[in-house]
1. Run ALA258 past the list (1) in contact with a helix residue (DSSP H, G or I) (Cβ under 6 Å, 6 or more places away or on another chain); (2) assigned to a helix (DSSP H, G or I) and report the number of the one that doesn't hold.
2. Restricting attention to the range 234-243, report how many residues are in a loop (DSSP other than H, G, I, E, B) and either touching a strand residue (DSSP E or B) at 6+ places or on another chain (Cβ under 6 Å) or within 14 Å of the ligand (Cβ to nearest atom) (or both).
3. Scanning for something aromatic (Phe, Trp, Tyr), within 20 Å of the chain's Cα centre (by Cα) and outside any loop (DSSP other than H, G, I, E, B), does the range 119-127 turn up at least one residue?
4. Could you pull out the residue among GLY277, GLY301 that is crowded, with 21+ Cβ neighbours inside 10 Å, modelled with pLDDT of 95 or more and either away from the ligand (no atom under 16 Å from the Cβ) or not assigned by TED's automatic domain parsing to the domain that holds VAL343 (or both)?
5. Could you list, in sequence order, all residues of the range 210-222 that are part of a loop (DSSP other than H, G, I, E, B) and either within 16 Å of the ligand (Cβ to nearest atom) or crowded, with 24+ Cβ neighbours inside 10 Å (or both)?
6. Working carefully through the options ALA342, ALA335, find the one that is surrounded by fewer than 18 Cβ atoms within 10 Å (Cβ to Cβ) and not in a helix (DSSP H, G or I).
7. Which is closer than 27 Å to LEU83 by Cα, more than 16 Å from the ligand (Cβ to nearest atom) and not hydroxyl-bearing (Ser, Thr, Tyr), of ILE106, ILE112, ILE119, ILE96?
8. Quick one: GLU178 ticks every box in (1) closer than 21 Å to LEU317 by Cα; (2) surrounded by 17 or more Cβ atoms within 10 Å (Cβ to Cβ); (3) among the charged types (D, E, K, R) except a single one, so which number is it?
Amino acid sequence: MTAPVLHVRGVLLPSSEPVDLWLADGVVHTEPVPGAETVHTGGWIVPGLVDAHCHLGLGAGGAVDEETTLDQATTDRDAGTLLVRDAGSPSDTRWIQGRDDLPRLIRAGRHIARPRRYIRNFAVEVEPDDLVDTVAEQARAGDGWVKLVGDWIDREVGDLAPLWPADIAAEAIARAHELGAKVTAHCFGERSVAELVRAGIDGIEHGTGLDRDTIDLMAQRQVALVPTMINLATFPEIAASGQEKFPTYAAHMRDLHARHHDTLRAAVDAGVPVYAGTDAGGTIKHGRIADEIVALADLAGAEFALGAASWRARDWLGVPGIAPGESADLICYDANPLTDPAVTAHPARVILRGTVIA
Ligand SMILES: [Zn+2]
């Protein structure tokens, strides 16, 4: 059975021109295809949304089963996320890539952390001496990205501290690059991000500890930043739960949170490429890409936010947007998300590989 031929008409963002698109055999056509059924007209069209920091196959306690993973991926898809850059998963989620009804997935293999220096059951845990080899293993296991935990609470110090000596991190990043993979890292504090950017890393997750010089270096090298705004909003809760045993850490987290808007705004202004990521999968629920777009719009405007979650993110990840012959992955909205980014919470049509999903 072949899927029906579809037709949509609307303003294709970020341009302001109305277009007619025909969707047949899973791909976009800009010339009429006979027998098409019009499924949306008079609205706005956006290339399928991208969640650039999402965890499929991960729950609060670690790996989850396939049924739960399917539910996560379906929830993200129905919210408009049609491309996921996974930021580390303890589950083998390659099966998702064989399913036409699920979002496209770029995997990062497993998180890499040190023993007792990250959330239990999430990461491959190794000492620094084994970092280079472990990065090589995860580079081979993933789809071009390796995820390091750059910093986390050090209970002996009672504060955030880097997990990896800078020279070993630099060696590990160089090894990933030899294998054709890029490296990104979870960094909350000041020191880890400063060291890892200088060590040649390709991406930073969160980035609340960025200083002026590191921001400038990221802009110069076009190091990607995925702040995960809706996760940063939970810093006060994280601080409160650590207050009694680790008051220095708690104060540090509150300070990073208090400054995060200014810190990230400085990164945007300097030209650091910033992308939308929800961090769904640990404690953040799936399907919240619209919340992240709204938070990024508050930081840097609606067009910036929507680009960060769609066309700019696709360019960065090397996945085509809406063009003749490319996969028909697109979202239709009844109102203009550039006027009100909250519109993204209510897609009128989610179309994946030429099929209406929702
Ligand atoms: Zn994450």
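1. Condition not satisfied by ALA258: (1).
2. Here is the first cut: in the range 234-243, the ones in a loop (DSSP other than H, G, I, E, B) are 234, 243.
Keeping just the survivors that are either touching a strand residue (DSSP E or B) at 6+ places or on another chain (Cβ under 6 Å) or within 14 Å of the ligand (Cβ to nearest atom) (or both) gives 234.
Of the residues in the range 234-243, 1 are in a loop (DSSP other than H, G, I, E, B) and either touching a strand residue (DSSP E or B) at 6+ places or on another chain (Cβ under 6 Å) or within 14 Å of the ligand (Cβ to nearest atom) (or both).
3. So in the range 119-127, the residues aromatic (Phe, Trp, Tyr) come out as 122.
If we keep only those that are within 20 Å of the chain's Cα centre (by Cα) too, we end up with 122.
Narrowing further to those that are outside any loop (DSSP other than H, G, I, E, B): none.
Looking for residues that are aromatic (Phe, Trp, Tyr), within 20 Å of the chain's Cα centre (by Cα) and outside any loop (DSSP other than H, G, I, E, B), one finds none in the range 119-127, hence no.
4. On the way: GLY301 fails: crowded, with 21+ Cβ neighbours inside 10 Å.
Going through GLY277, GLY301 in turn, the sole match is GLY277.
5. If we filter the range 210-222 for residues that are part of a loop (DSSP other than H, G, I, E, B), which is where we start, we get 210-211, 222.
Within the range 210-222, LEU210 is the sole residue that qualifies.
6. Working: ALA342 fails: not in a helix (DSSP H, G or I).
Going through ALA342, ALA335 in turn, the sole match is ALA335.
7. ILE96
8. Going through the list (1) closer than 21 Å to LEU317 by Cα; (2) surrounded by 17 or more Cβ atoms within 10 Å (Cβ to Cβ); (3) among the charged types (D, E, K, R), GLU178 breaks only (2).
The values are calculated or read from the model by the stated rules, or taken from the named source; none is laboratory data. Bear in mind the structure is a predicted one, so any value in this text is a computation, not a measurement. As a convention, Cβ positions derive from the backbone with ideal geometry for all residues, glycine included, and neighbour counts pool all protein chains shown.
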